[in-house]
Amino acid sequence: MQLWFARGSEVSIREQLVTQVILGILSDDLAAGQRLPSTRELARRFNVHANTVSAGYRQLQRERWVEFRRGSGVYVRANKPPVPPSSALALDQVIAGLSRSARKLGVSLPALRSRLRQWLELQPPDHFVLIEPDDELRKILIAEIGQTVTFPIQSCTLQDCTKFIKGGIPVALPNRAPAIRQLLPAGTELLTLQVSSVPTSLGEWLPAPTGALVGVASRWPEFLKVARTLLTAAGFDPDSLVFRDAREADWQRGLKQTAAVVCDTSTAKELPRGCRAIPFPLLSDASIAELRRYVEFISRPLESM
């Protein structure tokens, strides 16, 4: 394993040594049982104080990366210590994996560093771009995403997606993803949103009540079809369901007489006063969590690591 030290850096020589040894172990450059250079050898080779090298080795021993063998030297331990997912070492492990993959591809370290520098100098995205050709479905998805994340949301059709993605994070439903990937520039990441099953908001209505009218309202025709299928399968009497297409002028008629109205997130805001809304989210909890993690990944300050 090759070592190097930056003198005059804010990071001490000891910490540089410790970090490089750990990265070497994580990336398998340093194999279990491999002997490390002696304290005297490193001190002489890099013109550093022997006490600095010794302190670094002792830290590695305390953290269970290496072991001291009396009269023999310092060796990489057989078992790597567990790495908490939230620790800086977990990030080191990711970097080590990237370095290992680059070597397998025959990419030199200078080329890898140059490419990483280009990526890191890019302006981070500051909004989501929802790519969806259906106008009504697009409004529903924007409403759902807007309730859960702080990033602004833009939207566009498939034909216009290349005009809108600059500075944004493209997101789409699974059925649109293959066509969209063919339109996006190579290397562009596309977040695929998964659709939810029966929402937890219907839990208190199951088993289905008898004799109660239940409204179903949406501007998206497919929502009305899916809701009919799911509610009927859940045991609701089809004759007790009142369907309203929110694109029609008088769609709110009769909804005040229902016990509750199953609707999409967007239509819920337009129900008559006094109606009990049961919003039926289209996006799964996993997709919402992924969007939040993405925002946190971009916005989280370094100090919180």
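The values are calculated or read from the model by the stated rules, or taken from the named source; none is laboratory data. Since this is a predicted model, take the numbers as computed values, not measurements. Neighbour counts run over all protein chains shown; Cβ positions are idealised from the backbone, glycine included. All accessible areas refer to the heavy atoms of the entire protein, side chains included, with ligands and DNA or RNA removed. Shrake-Rupley method; radii C 1.70, N 1.55, O 1.52, S 1.80 Å.
Do we find a residue being outside any strand (DSSP E or B), in contact with a Cys (Cβ under 6 Å, 6 or more places away or on another chain) and either open to solvent by 20 Å² or more (accessible area, probe 1.4 Å) or at pLDDT 90 or above (or both) anywhere in the stretch 205-218?
Keep residues of the stretch 205-218 that are outside any strand (DSSP E or B), which gives 205-213.
Adding the requirement that they be in contact with a Cys (Cβ under 6 Å, 6 or more places away or on another chain) leaves none.
No - not one qualifying residue is present in the stretch 205-218.
Regarding the stretch 239-253, can at least one residue be identified that is at pLDDT below 90 and either within 17 Å of Leu137 (Cβ to Cβ) or in a loop (DSSP other than H, G, I, E, B) (or both)?
no
Among Gln118, Gln20, Gln2, Gln16, which is the only one that is out of contact with any helix residue (DSSP H, G or I) (no Cβ under 8 Å at 6 or more places or on another chain), under 30 Å from Gly187 (Cβ atoms) and open to solvent by less than 50 Å² (accessible area, probe 1.4 Å)? Step through it out loud before you land on a result.
Values: Gln118 fails: open to solvent by less than 50 Å² (accessible area, probe 1.4 Å); Gln2 fails: open to solvent by less than 50 Å² (accessible area, probe 1.4 Å); Gln16 fails: under 30 Å from Gly187 (Cβ atoms).
So the residue among Gln118, Gln20, Gln2, Gln16 that is out of contact with any helix residue (DSSP H, G or I) (no Cβ under 8 Å at 6 or more places or on another chain), under 30 Å from Gly187 (Cβ atoms) and open to solvent by less than 50 Å² (accessible area, probe 1.4 Å) is Gln20.
Within the stretch 126-138, identify whether any single residue is over 22 Å from the mean Cα position of the chain (by Cα), at pLDDT 85 or above and of a type in the set (A, V, I, L, M), and answer yes or no. Don't jump to the end; show me each part of the working.
Taking the stretch 126-138 and keeping what is over 22 Å from the mean Cα position of the chain (by Cα), we get 133-137.
From what's left, at pLDDT 85 or above: 133-137.
Retained after the next criterion (residues that are of a type in the set (A, V, I, L, M)): 137.
Scanning the stretch 126-138, I find at least one residue that is over 22 Å from the mean Cα position of the chain (by Cα), at pLDDT 85 or above and of a type in the set (A, V, I, L, M), so the answer is yes.
So which residues in the stretch 219-230 are part of a loop (DSSP other than H, G, I, E, B) and in contact with a Ser or Thr (Cβ under 8 Å, 6 or more places away or on another chain)? Give the derivation first.
Initial filter on the stretch 219-230 (part of a loop (DSSP other than H, G, I, E, B)): 219-220.
Arg219, the sole residue that qualifies.
Give the stretch 273-305 a look and list any residue that's open to solvent by 20 Å² or more (accessible area, probe 1.4 Å), more than 17 Å from Ile145 (Cα to Cα) and modelled with pLDDT of 85 or more, or say none.
Answer for the stretch 273-305, where residues must be open to solvent by 20 Å² or more (accessible area, probe 1.4 Å), more than 17 Å from Ile145 (Cα to Cα) and modelled with pLDDT of 85 or more: Arg273, Gly274, Cys275, Arg276, Ala277.
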